[in-house]
Every structure is written in structure tokens, then in C-alpha cells.
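Asks: Quick one: this structure, given as C-alpha cells, is what I'll be asking you about.
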Amino acid sequence: MTQHALIQARDLHKYYPIKTGMFKPNQCLQALSGASFDLYAGQTLAVVGESGCGKSTLARLLTMIEQPTAGQLTLDGIDLGDAHQKEVAKKLRQTIQMVFQDPFGSLNPRQKVGDILQEPLLINTDLNANQRRERVLELMQRVGLRDEHIHRYPHMFSGGQRQRIAIARALILKPKIVVLDEPVSALDVSIQAQVINLLIELQQELGLAYVFISHDLSVVRYIADQVLVMYLGKPVEQGLSEAVFNNPQHPYTQALLSATPQANTGRKRKRIRLTGELPSPLSPPTGCSFHPRCQNAKAQCKITAPVMKQHGDISVACLLVE
Amino acid sequence: MALLEITNLTVDFATAHGSLRAVDQVSLSLDAGDIVAIVGESGSGKSVAMLALMGLLPWTATITADQMSFDGNDLLTMAPKQRRAIIGKDISMIFQEPMTSLNPCFNVEYQISEVLARHFGGRRRSYKHRVIELLEKVGIPAPETRLKAYPHQLSGGMSQRVMIAMMIACEPKLLVADEPTTALDVTIQAQILELLVELQKTNGMALVLITHDMAVVAETADRVVVQYAGQQVENRPVSELFNNPRHPYTEALLSALPEHAQEKTLNAIPGVVPGQLDRPVGCLFNPRCEYAQDLCRQQPPQKNEGILCHFPLPIKPLPPKAISQGETQVIS
Amino acid sequence: MTSLTTTSYSVRRQQWREFWFYFSASKSAVAGLVFLIGMVIMAIFADLISPHLPTEQYRKFAEIPPAWMEGGQMRFFLGTDYAGRDMLSRIIHGARLSLIAGCIVVFMSGSIGILLGLLAGFRGGWVETIIMRVMDTIMAVPGLLMALVLVAVLGPGLLNAMIAIAITYTPNFVRLTRASTLSEINKDYVTASKVAGAGPMRLMFISILPNCMAPLIVQGTLSFSTAILDTAALGFLGMGAQAPQPEWGTLIAENRDLMLSAPWTVTFAGIAILLAVLAINLMGDGLRDALDPKLKRS
């Protein structure tokens, strides 16, 4: 049984021109340089990296808030480059939705929850008021909230509850793909667990594909099928979650894993000390972007930029991994 | 004599909906050189307790305690002027959001030298070398070039280092770090935590680390205080707590971590932290506790062998494998 | 929340209660509100409350001092003006004119200002530049002077005075709205609406505008009081409400020559202006405290 991939991304690039003054040429912010992956129904792709790695940019490209500067993006079989943007976007809105990071900022403080949830239905469907209300109540129950909550304002809810509302909003158009941008980072541990459980349940029940963006590796390890590690806009390692976590090949992935604290005492980690700060994306280092901070850097790393090469279950972009 | 001695600290806030008890009978005792972590989720009152110590709470807060003394000085009855001489000099605090904790209008040199001039007198400009020394100490490369930088020109990690430099400028005896790395990337987080521990060792300063991240606690602290809804539920050495949590909340918190998940779903704690308006009768944790019994639902617990629980979990015998071999301990 | 069922009504009530808690924390704000309510009642029931008609002239009783002074009568409690008209009645009816002037000015400048501000903040680019430069030009001219010029062009009269003043107030609203729009437009909930497919109209009026209302309401209140003041100023200069309309500024203008010989003819109207403006400003302060979440104390 071959189902087509819900997302097919090939070599996505996104550059932003930055004005540096009236008489100087525009600088180029390389927010995303070459992400490629396939995502199938019921699977979770985790995009991992630190600030400036391009994961938020990727989220914006996938949800069609912005268009890629280069590369190909196919959602549910429809190529975004082909048809007229607006029509395609309207159709695909029901296919891909997003849950944002900040539960306090992603809900309009001046709208009641019921109205927030109805908005996508009002814009995209022809359902009448009763049908809309029914659907809203159905989803409220599904995410574990009560009917009367639709009359309340977002600030009357806790962080975890707000995130549930955000999830309900993302699901109200019955999408096939949900992009989750750090959905649990702002939540307490015990609430995190509740929300993650909810997400897993929903995925199993509805066959959703998730793009899970996070910097929290312990959560990612638990929930992801595939992992894409990014650094300064470029993918550095990619593959099945098990493979990447058990045997990371790229020095950055290794450093990231070793920097993540674990809730075990007595563990003597081999800490890979990552020195220095993230370079500015306006002027990325030559050759391999990671070389200034890499412990294993050799002369060639400064000159040649590595490309992603397949090694068994993982793809790695490193000149020293052969 | 302990460096910091807090006994039964209670903080109440006057709000639109009545009085809110943010901190309820919290006690803490600290010696020089200790690293204590205060762990809790939102609503646990962990930050509020330390802000009360520093005198940084708004006028709506009422602070009561049996004892609150630092280095022999009674902070409760102290005049504000005397208090200001201690806060910033002997007790310092660093905050969560480094990008907003620094004054955006002044450059790095100004802000750090201001602290020095305030506590040691003299002209601000005369402290330039000390400022460069401090920036070096916190690991900022080429510190002379950073002196004139403004906070918006610094990255998150850099800002936090500047913040730390500012706070250790007067060589405090106690440094309180309120979620210092929550807003930072994980590799920067590791660097900052290492820096704090290193500084703590070289200066012999006591460190109170407030965090919600159990993993950070496991790797950094000597002792842990767990807080829930303003109350202190457990106060024990780190290795003991992680191997043998005795309060049901601590146990639930540890097992809710993704790394301790044993099945398809995580061991979530049902329910939410009680807010101002829905404090349960009896033990505050009882609606969410899997071991709750009738007594728990009726009477608030007293400290029972240091644990705030009617029925603390039993002490487990140490497992036969030695911890120092680096084996991971699974909490079951 | 301990309530088992929350209806739309109970949520509203709770919000009002919370609002009142913060508003009433400032005693002066409540005093201002009370005074304003009193003024509104006075204006609505002016015909019933005032002892005489505002335009009725008692020729035999011209320039009579107030009741507590020598030569005064209870019949004309605050005295009479040069034409024998009862001051108290004139002031009571004048309240009507002042309040209406305030309302119309705020409504006009507010609605146009908010619209332009939203457009400027939302669209950016040329639209923004043009709108903001026009507003800058209006602001560069002193308010009253510009109002005078406009009235000179349009002709004197209360309505024209209101239009002129409204034009000079519009830039304030535009700036505030644009600033709020710029800060809200990058927030996640706006992006979420975009992802849901919201078009620009929905984004502007349903997503962004309600979140900009707090500073706009405060600005509206303060503009209200300034409008009363400016209307009075124009009236005093003879360019606003024309005699015999009992607008407070016009009242003062009519009796200008009697300022020294019969001071009561100008004093009480001036006091009325003072109290009205003070009350509204105090209330505006209280409103700002209640609406600004950063100033909330818990």
C-alpha cells in the first residue's frame, strides 16, 4: 500500500532581503537553506534546533504564510508552486493548520473562546450557526474542556487549557497535517504531559501528520518518528528518531544531546563543550556553518560546505562523516 | 550559624478577588557554599518567596515570617536604607529574561559600574578595569570591545552573562538565580549553568536556583526544595530525592517527565494546580494524588519527617548497583 | 473559577465587577464619574430643572447679583446677565451644548482617526506614509489656530466649530491606533487568524481593533474634555456657538465687558467649564488605570 506523502518538501530556501541603508546593496538573511523531507499520515517529524536555525521559517512556509524563495513544496499532492497562490491556499487551508508556541499570545484576548473557534469555520465553510456551534462543542469536548467554556475569554484559562483551545482551533477544519511550533515549551511539566498525551491520542484517532518543532530533546525523543536537526538555516542531520538519538553523527547533534540535562543524578555525562555564540545569520561562516564551534573542525571545513549524505537510516551534512 | 535562615515565611497578596496566599509557611536554611534548588510549577510561589526575601514585592503583598535573617541581620525589622545596603551587595538576584532585565537605555559598562559605585562609593568611571575583569570572569570574549554595547546588541546568552557579571560585582554571599536559563537555547543553558557553578565554587558563594526543570536540578544542585501551590512539600538532598521521592507530588512530577515514560502515553498528573478560587479542603494536592485518602481530603497535613504529607512514601533501600558508575536510575 | 455553569451573562458581569474594582480604587476617578453623570442628568432634564427659560429676558432685572450677595434674589440664584437672563438656567442649558459638542467631536475624530490609523498600520508602505505625513501637517499647526482658520472658511457656528476641532484631534487617534496596530500585528493570534484564512477587513476590525481599544478609550475621554474647552474658546472668540445660544464660552464672551462690574456673569460659566474638564480628566485617569493591564496590581 503506497500512500502519497502528505508533505513533500524539496530543497526549500527562504531568503529575506535586509535594507542596510539607502546607498548600500541589500544584505541577504538566509533564514532557510535547503530543507527536504517527506511526511506521511500518522507520522511525526520533529524539527530540532536552537534560535536562528530556521525552524520557525519552515513553519511559516509550510502553513503558507510566506512563500519559499526557492525549492518545491507539495502538500497533499498539490504543488504550491503551480496554481495561483490564493486559490491553492484557500483549498489547502483545510489540509494544514498550526498550533503556536505561546498559549498566552495565540488566542485573541478580546474574543470569546467560542468565537475564536468559530472563526475558521466562518471564513472557510458554509455551515450555518447551529452546525458551527455543534462542531465547536464537539471539539471542546474532545480536547477536554467543558461546553460553558465557550463563553469565556482566554485570560480566564490556565496555560494548559489555552493550549488545548489552540489545538481545538487547529483541528476545527479537519486538517490532515498540523504544524506544532513549540506547543509545550511554555507549559509546566505536569501539564506538558497532559497536552502531549492529548496530541498523541488525536494523532492516533484522526491519522494526523505532525510537524513538531521543538528545542526540548527529551520531548522530541518521546514523540517523534523522524527527526530533522537544523543549524543556522541548514539541515545537518536527518533520519529516524531512534537512529539519530542513539547514534548521532553530526558534531552539533552530539553537542545538543550532551547539553540537554537529564533528570538523573549520578550521571556523568561526557559534556561536549560548545564554545562561542551562534553566528549572525546575516554573515554565516564560510564552508560549514558549524566549523567555528566544532571540536573536530579541520582545514577543509572552512572551505567546503557539506551536503546531506545518506548513511543507512540517517542523512548527515558533515565532511568528516564518511 | 546558617547564612540564610527563613522560618515559616508567608506571603499574601491583596487582589480583586480577595486575598491570595502565594507562599505558605516556607522554611529554608542555607550555609555558605550550598547550592539549593527550589523547584515547582507555576503557582508554586517559588519566585515570590525569594522576591519577598529581597524586598522586591509590590505594596499589595503582606509578608510574615517567624524568622528571616541573613548573615545574622534580621531582614524583617530592618529599615529600608539598611536593607538596600545588603541587597545587591551581599544578596544578589538574576532573573529569567536577560533581554528585558537589563536597562535598554544604558550600555554595559554603565550598568555594571553603577552597581559598584553604589555599593563601594567613588566615581563610576573609576571602575572600568573592574568591569573588564568581571566580563572576563563570566566568559565574554574580548570584553574591552563590549563595554559600550547596549543590551539590544547582545544575544540572550551574552545578556545573561552581563547580568551575572553585574550581580557578582560586589562578591555577594548569596546569589539567587530565578529561572536563569529558561529563555535560552539548550547549549547556552549548559554554558550558563556551568558558569554559575564555577563562580559559586571560586567565590564560595551560596546559590539558590529557582527552576521548573527537574533535569537542571539533578545536574546542578546539592539540595532540593519542592514547592506546590505555595507550600513546601519536600526538602531533601538531590540524590535522595531523585532516587526516592517521598511526597506523591514529587513522585508524580518525576514520572511525568518524558524520559521516565514507560508506555505509549506519558504519566500525566490529572487536574491543575489550584488557583486562588478553588483551593481544596485538606491537603492541597489531594484532588490529583493517586494515594489520597479520606484524611487527606479533610485535614491539611503537617510536616511529617520533613515531608508535608499525611502518608509520605516509604524510604526505599538503596539499589545494589553503585551510582558512581554512571548508571541511570529509573524511577518506578 | 468555582461556578459550575458559566453563561455569557455571568462572564460579562464578572468582567464589569473586575473593572469596577480597579476603577473605584481611585477616589478622584469615582468623583469625576459622579460629577459627569450629574452633568448628563442636568443636560437631559435641563427643561425640567432650570428655573427659567435660558433665553427669557427679564429687562427689569438685568445684572442682578447672586442670591447670597447684597441685592440678590432667590429667584435668580446665580444672578442675571446684561440682558436680564437667569445665569443658572443658561448654565444648565449650556451643559447640553457642551456635552453634545464633546460627543460629536470625539465621534468624528475618533472614527476617522481609527480608520486611518488601522489602514496606516496594516498596509504600511505608501498608504502609511501619506496618511502619517498629512497628520503630521495637521499637528504642526497649533490646534486652536487651525480651528479658527477652518471656522473662518466654513463660517461661524457651533456645528462648524465642532467639525474644525474634530479635524485637529484626528491625528491623535491616528497615531495611537497605528502604534497599537503595529504592535499587535506581529502577535501570534493575528498570525493564527491569517492561517485560518482571514482577509484584511476581518483582521483589521475583528482581530486587531478590539485590542487597541484601551488607549483609544482613554484618548477619547481626554479629547472630550479638551473639546469642551476648545468649543468654549471658539465661543469666546465669537467663532463658535453664536449668541443667544447659552454655550459656556459664548456666555463669557457676551458678558466680557461686565467682568469687573458684574463678575458673576462670567465667573460661574468659567467654573462650570473648569469643573467639567476636571471631572472628565480625573475619570479618564481612572479609566486608564482600570484598562491598562500593566498597571493592574495583582
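Just so it is clear, none of the values below were taken in a lab; they were calculated from the coordinates. These numbers come from a predicted model, not from an experiment. Glycine gets a Cβ as well: all are built from the backbone with ideal geometry, and neighbour counts include every protein chain shown.
Asks: Size of the stretch C:36-295 along its principal axes in angstrom, Cα-based, largest extent first?
Replies: 76, 38, 26
Asks: What is the stretch A:160-284's relative contact order, in percent, from Cα pairs under 8 angstrom and six or more apart in sequence?
Replies: Answer for the stretch A:160-284 is 17 percent.
Asks: Further, regarding this structure: Sort out the exposed loop GluC sites (Glu not before Pro) in chain B (DSSP loop, at most 15 other Cβ within 10 Å) and tell me the longest stretch that has none.
Replies: B:1-262
Asks: Using Cα pairs closer than 8 Å and at least 6 residues apart in sequence, work out the relative contact order for chain C, in percent.
Replies: Taking the mean separation of contacting Cα pairs over the length of chain C, I get 24 percent.
Asks: Sum up the charges of everything whose Cβ sits under 15 Å from the Cβ of C:GLU247, counting Lys and Arg as +1 and Asp and Glu as -1, but leave C:GLU247 out.
Replies: Net local charge, C:GLU247 excluded: +1.
Asks: Give the separation of the Cα centroids, the stretch B:1-52 to the stretch B:133-198, in Å.
Replies: Centre-to-centre (Cα) distance: 25 Å.
Asks: Return the single residue from C:SER207, C:SER89, C:SER109 with maximal mean-square fluctuation; model: Gaussian network over chain C, springs between Cα atoms under 10 Å.
Replies: In this elastic network of chain C, the residue with the biggest mean-square fluctuation among C:SER207, C:SER89, C:SER109 is C:SER207.
Asks: Counting Lys +1, Arg +1, Asp -1, Glu -1, what net charge surrounds B:GLN227 among other residues with beta carbon under 11 Å of its beta carbon?
Replies: It works out to a net charge of -2.
Asks: Cα centroids of the stretch A:180-233 and the stretch C:106-147: how far apart, whole angstrom?
Replies: When both Cα centres are located, 46 Å separates them.
Asks: Please report the antiparallel percentage of the DSSP beta bridges confined to the protein assembly as shown, to the nearest 5.
Replies: 60 percent
Asks: Taking the Cα centre of the protein assembly as shown as origin, work out the dipole magnitude from +1 charges on Lys and Arg Cβ and -1 charges on Asp and Glu Cβ, in debye rounded to 20.
Replies: 1160 debye
Asks: Work through the residues other than A:CYS294 whose Cβ is under 13 Å from its Cβ and net out their charges, Lys, Arg +1 and Asp, Glu -1.
Replies: Taking every other residue near A:CYS294 into account, the sum is +4.
Asks: Once you sort the root eigenvalues of the Cα gyration tensor of the stretch B:243-325 as a ≥ b ≥ c, which label holds: rounded (a/c under 1.5), prolate (a/b larger than b/c) or oblate (the other case)?
Replies: It comes out oblate by the Cα gyration axes.
Asks: Restricting the calculation to Cα positions, tell me the Rg (one decimal) and the Dmax (whole number) of chain B in Å.
Replies: 21.1, 66
Asks: Over the stretch B:1-67, calculate the relative contact order: mean separation of alpha carbon pairs under 8 Å at least 6 apart, over the residue count, as a percent.
Replies: So the answer I get is 44 percent.
Asks: Mind checking which of C:ALA276, C:ALA232, C:ALA25 has the largest fluctuation in a GNM of chain C, springs on alpha carbons under 10 Å?
Replies: Looking only at C:ALA276, C:ALA232, C:ALA25, the largest GNM fluctuation is found for C:ALA25.
Asks: Kirkwood Rh and Cα-based Rg: tell me the resulting Rg over Rh for the protein assembly as shown, rounded to two decimals.
Replies: Reported Rg/Rh (Cα atoms, Kirkwood Rh): 1.03.
Asks: Among the listed pairs B:LYS46/C:LYS187; B:LYS46/C:LYS27; A:LYS19/A:LYS176; B:LYS46/B:LYS316, give every one whose C-alpha distance is greater than 32 Å.
Replies: B:LYS46/C:LYS27; A:LYS19/A:LYS176
Asks: State the Cα centre-to-centre distance between the stretch B:75-91 and the stretch B:264-288 in whole Å.
Replies: Value for the Cα centre distance between the two parts: 37 Å.
Asks: Looking at the square roots a ≥ b ≥ c of the eigenvalues of the Cα gyration tensor of the stretch C:1-156, which shape do they give, rounded for a/c under 1.5, prolate if a/b is larger than b/c, or oblate?
Replies: Oblate, because a/c is 1.5 or more while a/b does not exceed b/c.
Asks: Of A:SER51, C:SER8, how do they rank once you tally other Cβ atoms within 10 Å and put the fewest first?
Replies: So the ranking, lowest neighbour count to highest, is C:SER8, A:SER51.
Asks: Could I ask something else about it? Taking the Cα centre of the stretch A:179-322 as origin, sum charge times position over the Cβ atoms of Lys and Arg (+1) and Asp and Glu (-1), and report the length of that vector in debye to the nearest 20.
Replies: Dipole size: approximately 1000 debye.
Asks: Follow-up question, since we're still on this one. Could you compute the longest span of chain C free of chymotrypsin sites (Phe, Trp or Tyr not before Pro) located in DSSP loops and having at most 13 other Cβ atoms within 10 Å, not counting the site residues?
Replies: C:69-298
Asks: Mind listing which GluC sites (Glu not before Pro) in the stretch A:55-159 are in a DSSP loop and have 11 or fewer other Cβ atoms within 10 Å?
Replies: Taking the stretch A:55-159 and a limit of 11 other Cβ atoms within 10 Å, no loop GluC sites (Glu not before Pro) are found.
Asks: Ignoring solvent entirely, what values of log10 I(q)/I(0) come out of the Debye formula for the stretch A:74-211 at 0.09, 0.10, 0.15 Å⁻¹ when each Cα is a single scatterer?
Replies: Calculated log10 I(q)/I(0) at the listed q: -0.27, -0.33, -0.74.
Asks: Let me ask something else about it. Checking the a/c ratio against 1.5 first, then a/b against b/c, what shape does the Cα gyration tensor give for the stretch A:85-142?
Replies: Note, shape of the stretch A:85-142 comes out oblate.
Asks: Taking springs between alpha-carbon atoms closer than 10 angstrom, which of C:THR55, C:THR231, C:THR168 fluctuates most in the Gaussian network model of chain C?
Replies: Greatest mean-square fluctuation among the candidates belongs to C:THR55.
Asks: Separate question: Output the 0 to 90 degree angle, nearest 10, between the alpha-carbon long axis of helix B:128-137 and the longest principal axis computed from the alpha carbons of chain B.
Replies: Here the helix axis deviates by roughly 40 degrees.
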